[in-house]
Amino acid sequence: MKRALFSLSHPEIGRALATQLLSEGWEIVATDETVRDFSSQGMQVKSIYAYLDLAKEYPIPPTLHPKIESALTSDESHDRIDLLFDETYGSDKGIDVGGNTLLALAVKGDRYVLTEEEDAVAFCNESSRNEALKKKLIKKTQDRLHRFYSTWQEMSLPKTLLANGENPYQSPAYLQISD
């Protein structure tokens with residue numbers, strides 16, 4: 001069975017793709033906000049906590065769990081994730097290190113990587129999901145990661161507020177950037 005992981009700030013952008021993947025027999029794993037949204041639309045999705053077999057109390061974002069890294073990078077994992085749809089939050093909300101780490105892991109694992117609704121539409125419309133499409137999506141994600149890390153590196157502010165993203169149990173924190 002193929003499996004997709006959805007981590008979306010705006011879950012509505014993933015509904016069409018999730019619906020199509022479910023009709024094709026894929027399993028959908030998602031973060032809490034996305035699970036709530038998809039479930040309200042009648043979709044059968046698995047919470048990332050259920051996928052990881054974790055209690056809700058987890059000290060870091062569950063998408064950064066070692067099992068997720070293995071599922072995104074190892075071809076031998078029986079828990080393999082074949083597609084990642086990760087909509088990172090903008091720099092106006094902080095530095096989304098976790099979301100971009102997730103993207104980098106999917107690139108490293110040679111998975112289908114989607115970062116915005118446009119990618120989801122392209123994936124849905126592609127009749128043959130082949131290596132060319134995967135490579136195109138990976139290249140787009142690599143370019144995005146390059147921009148993210150370049151922007152982060154060029155920040156001249158002594159302190160930058162880190163937003164909590166989809167992790168309401170985390171308090172915002174300050175990161176001291178020094179030379």
Counting only protein heavy atoms and rolling a 1.4 Å probe, one gets per residue an accessible area for the chain in Å² of 54
Any lysines whose Cα falls less than 25 Å from that of Lys134, other than same-chain ones fewer than 8 residues away, would be Lys2, Lys46, Lys67, Lys108
Per its Cα gyration tensor (rounded if a/c is under 1.5, else prolate when a/b beats b/c, else oblate), the range 26-68 is best filed as prolate
If R0 = 30 Å, then Glu118 and Glu57, at their Cβ-Cβ distance, give a FRET efficiency to the nearest 0.05 of 0.25
Expressed as a percent, the accessible surface of the chain that is carbon or sulfur, using a 1.4 Å probe and the full set of protein chains, is 51
Computed about the Cα centre, the charge dipole of the range 17-67 from +1 Lys/Arg and -1 Asp/Glu charges at the Cβ has a magnitude in debye, to the nearest 20, of 60
Between Arg129 and Ser77, Cβ-based FRET efficiency (R0 22 Å, step 0.05) works out to 0.65
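The values are calculated or read from the model by the stated rules, or taken from the named source; none is laboratory data. The model shown is predicted, which means the values in this text are computed figures rather than measured ones. Methodologically, a virtual Cβ is constructed for each residue, glycine included, from the backbone with ideal geometry; neighbour enumeration extends over all protein chains shown. When the accessible area is computed, the model is the full protein with side chains, heavy atoms only, and any ligands, DNA or RNA have been set aside. Shrake-Rupley method; radii C 1.70, N 1.55, O 1.52, S 1.80 Å.
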